[in-house]
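Here, each number is a calculation from the coordinates, and none is a lab measurement. All values reported here derive from a predicted model rather than from experimental measurement. With ideal geometry, Cβ positions are generated from the backbone for all residues, glycine too; neighbour counts draw on all protein chains shown.
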Amino acid sequence: MARIVITPPGRFSFPKISHLWEGREVLYRFGARDVTLRYRQTLLGVVWVILQPLLTALVFTLVFNRVANLHAPKGVPYLVFVFTGLLAWNLFSDMIGRASGSLVSNRDLVSKVFFPRMLVPLATGYSSLVDYGVSVVFLAILMIIFGVAPGLALVLIPVWTLMVVLLASGAGLAAASLQVRYRDVAYVIPFALMFLLYASPIAYSSTAVPSKYQIFYDINPLTWLLAEFRWSFLNEAAPPAWQIVLSIVVPVTVFAVGALIFEQLERSFADLI
Amino acid sequence: MPDGPSIEVSGLSKTYRILRREDQESTAAEALIKRIRHRKGTKRVEKFDALHDVSFDVEWGEVVGIIGRNGAGKSTMLKIITRITAPTQGRVELGGRVGSLLEVGTGFHPELTGRENIYLNGTLLGMRHREIKERFDAIVDFAGTERFLDTQVKRYSTGMYIRLAFAVAAHLDSEILVVDEVLAVGDSDFQAKCLRKMREVARGGRTVLVVSHQLQTVSDLCSSALYLESGRLVLHGTVEEAMEAYKRSFARSAPVLKEAAFRPGSGELRFVEAKVTDDITKPGQEVVVEFVVGANPGYGNRYHVSAFLNNEDGMLIAQCDSRVVDFWLDPSTDAEGRLCIRTPWLKPGAYTVDLFIHTGGHPADIWEQACQFQVLPVTPYSHPTTPDGTDRGVVYPDFDYSQR
């Protein structure tokens with residue numbers, strides 16, 4: 001048994017992968033706890049997982065398609081188009097939303113038990129991923145019903161999913177650790193997410209955006225990822241190569257930066273929370 | 001057991017930076033405004049040493065008690081050893097895994113069942129799934145909750161909850177076990193079971209660190225003790241030596257707080273004086289505290305007072321809040337009051353009385369050890385026996401037996 005040495009934290013500390021690996025069971029238990037708890041004492045139980053995105057997609061179809069007269073690119077029913085966008089978006093926003101409040105709401109754990117604290121926000125992603133998985137199956141059913149065929153790029157879906165997860169986790173880690181010190185984060189996040197929901201091409205295609213605003217869409221990582229999702233699932237045109245490259249570089253960077261911020265702030269969690 | 005001492009602590013310090021109240025910010029906007037106003041960054045920070053240059057070694061198989069008054073740094077020490085918080089200076093070396101029982105039941109989720117919580121909590125404490133599975137029956141058996149395994153924990157009684165939580169932690173195979181005030185709960189059977197378990201752990205060559213306010217627990221269980229005072233390690237020796245130092249600290253610190261200006265509390269109202277009418281008394285006699293509170297005509301509302309009675313072990317024996325007997329005072333004039341405590345009968349020893357003035361929010365005056373008195377070693381009962389007939393318990397009860 002190796003001796004454990006505890007010393008004051010250095011100026012920069014990097015997350016220890018080995019610690020996280022040791023804690024993988026904690027990650028699994030936390031995740032399982034979240035999933036179990038969410039649908040305990042609910043009447044419809046797991047049906048909510050399908051119902052929530054479906055109802056949102058229906059509302060979007062009604063508002064944006066019927067009332068605002070926005071359309072999907074040719075050949076794809078609007079419902080399937082918007083459901084695909086929401087799939088990626090829900091994974092993203094759900095992960096950030098859950099992760100950002102996770103430390104504060106698990107205050108007891110943070111101040112009384114030792115384990116890699118990073119597992120708390122990371123574990124919240126588990127239930128978002130379960131939801132995502134169910135939604136993907138449901139999308140497949142929708143595609144069969146409406147006769148939409150995916151292209152070969154379908155095999156890249158795991159890559160895009162991973163990128164959404166990295167992007168959201170990175171932002172979630174930073175938000176969670178900042179919220180320990182500044183509770184304002186809890187108010188900023190929902191607002192920022194609502195803004196992003198409308199500022200990203202979810203209910204509409206980015207090609208429908210007037211060219212003078214195009215630049216704002218081009219710099220939004222969600223635009224790239226949404227285009228990739230639709231490319232893979234709905235066989236739409238592939239996004240430009242630079243977007244594909246950046247859509248991998250940016251999430252990886254965001255995750256690394258988020259993890260670093262988290263590590264820097266972690267040492268004071270137990271004292272501040 | 002591995003080579004070397006099980007715990008080596010050297011030069012350990014923990015400093016908290018406390019912002020003065022007007023400088024504290026908890027929203028980013030406030031922080032930003034402050035940053036702009038005081039661009040030089042002159043935040044008035046006060047430093048507070050929770051621990052200062054503490055060094056000690058603990059050998060394998062020892063059960064070490066950590067004693068000291070509130071705020072002496074006991075909990076901070078445990079938090080550093082369990083890696084919940086990081087030290088500011090110094091170094092701790094541990095010879096193995098640390099299992100902690102800091103406030104048992106953290107990580108228990110009320111909505112989960114007993115079974116689910118055993119797995120969740122066990123994992124959090126560092127057990128592998130396989131280990132938990134192997135010990136599952138032993139854990140359930142120890143807690144005595146087999147019938148409620150699939151019941152949500154929120155429907156458990158407090159006792160059941162604590163028993164289950166302790167059982168999980170006690171079955172953790174860590175080389176070092178850290179325990180904080182767990183034995184304050186549960187019935188005496190369960191407490192005895194816990195003590196047995198901890199002794200068993202130590203006999204197996206592992207190390208146990210115990211923080212407790214129940215000096216009885218410490219003396220029953222520990223083989224040596226650390227006595228901390230204001231963040232410094234004053235003594236590392238036998239349990240008796242540490243207890244003696246702890247008791248002496250009560251006598252020593254009393255005069256310091258006499259001056260109202262040095263006492264904590266908001267200061268809207270202050271005690272001017274307080275005394276016990278008989279500072280040497282006998283068990284079963286009334287204890288009478290007479291006090292005077294200075295007037296503050298500017299403060300409009302009536303207020304109430306409260307008193308804590310402590311024995312020489314530092315244990316709070318009784319609380320006398322004047323609200324429960326509907327006694328209120330008027331701040332417009334000096335108020336002279338009298339508190340008469342008839343029961344319980346006090347055991348021989350030294351006692352202190354803490355006095356408080358309450359105006360609603362934060363206490364206006366907190367006067368710890370405002371007065372002291374001695375109770376003489378005389379029995380209040382009609383038929384004296386050998387000491388073993390009266391030496392358990394903290395007070396003498398007024399009781400009798402009769403045939404039914």
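Quick look at the values:
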quantity	calculated
Length-normalised contact order for chain A - Cα pairs under 8 Å, 6+ apart - percent	28 percent
Where trypsin sites (Lys or Arg not before Pro) fall in DSSP loop in region B:293-401, at most 15 other Cβ within 10 Å	B:ARG302, B:ARG342, B:ARG392
The protein assembly as shown: radius of gyration and largest Cα-Cα distance (Dmax), Å	31.4, 102
Per-q log10 I(q)/I(0), chain B, q = 0.07, 0.11 Å⁻¹ (Debye; single scatterer per alpha-carbon; no solvent)	-0.45, -1.06
Formal net charge of residues neighbouring B:ASP330 (Cβ-Cβ distance under 13 Å; K, R +1; D, E -1)	-1
Net charge of neighbours whose Cβ lies under 11 Å from the Cβ of B:GLY284, counting Lys and Arg as +1 and Asp and Glu as -1	+1
Phi-based couplings in Hz for region A:65-75 (Karplus 6.51, -1.76, 1.60; Gly and Pro marked x)	7, 7, 7, 7, 6, 8, 10, 7, x, 3, x
Residue exposure sequence - B:SER306, A:SER18 - by fewest surrounding Cβ within 10 Å	A:SER18, B:SER306
Choice from A:ALA175, A:ALA149, A:ALA99 showing the highest fluctuation, given a GNM over chain A with Cα pairs closer than 10 Å	A:ALA149
Descending Cα extents along the principal axes, region A:17-272, whole Å	56, 45, 34
Most mobile listed residue (B:GLY107, B:GLY159, B:GLY361) in chain B, GNM with C-alpha springs under 10 Å	B:GLY361
Table column - 3J(HN,Hα) (Hz), region B:6-17, Karplus curve with 6.51, -1.76, 1.60, x for Gly and Pro	6, 9, 10, 10, 9, x, 6, 9, 9, 10, 9, 9
Under Karplus coefficients 6.51, -1.76 and 1.60, residue-wise ³J(HN,Hα) of region B:337-351 in Hz, glycine/proline x	x, 9, 10, 10, 9, 8, 10, x, 6, 8, 7, x, x, 9, 10
Computed helical MRE - 222 nm, chain A, DSSP H runs ≥ 4 contributing -39500 (n - 2.57), nearest 500	-22500 deg cm²/dmol
The protein assembly as shown: antiparallel DSSP beta bridges as a percent of all, rounded to 5	75 percent
Charge context of B:LEU164, other residues only, Cβ under 11 angstrom, K/R +1, D/E -1	+1
Most mobile of A:SER111, A:SER102, A:SER206 in a GNM of chain A (Cα contacts under 10 Å)	A:SER111
Neighbour-count ranking [beta-carbon atoms within 10 angstrom, fewest first] of A:ASP34, B:ASP321	B:ASP321, A:ASP34
Separation of alpha-carbon centers, region A:45-98 and region B:320-341, rounded to whole Å	66 Å
A:GLU263, B:GLU241 arranged by Cβ crowding within 10 Å, fewest neighbours leading	B:GLU241, A:GLU263
Chain B, relative contact order [Cα under 8 Å, separation at least 6], %	15 percent
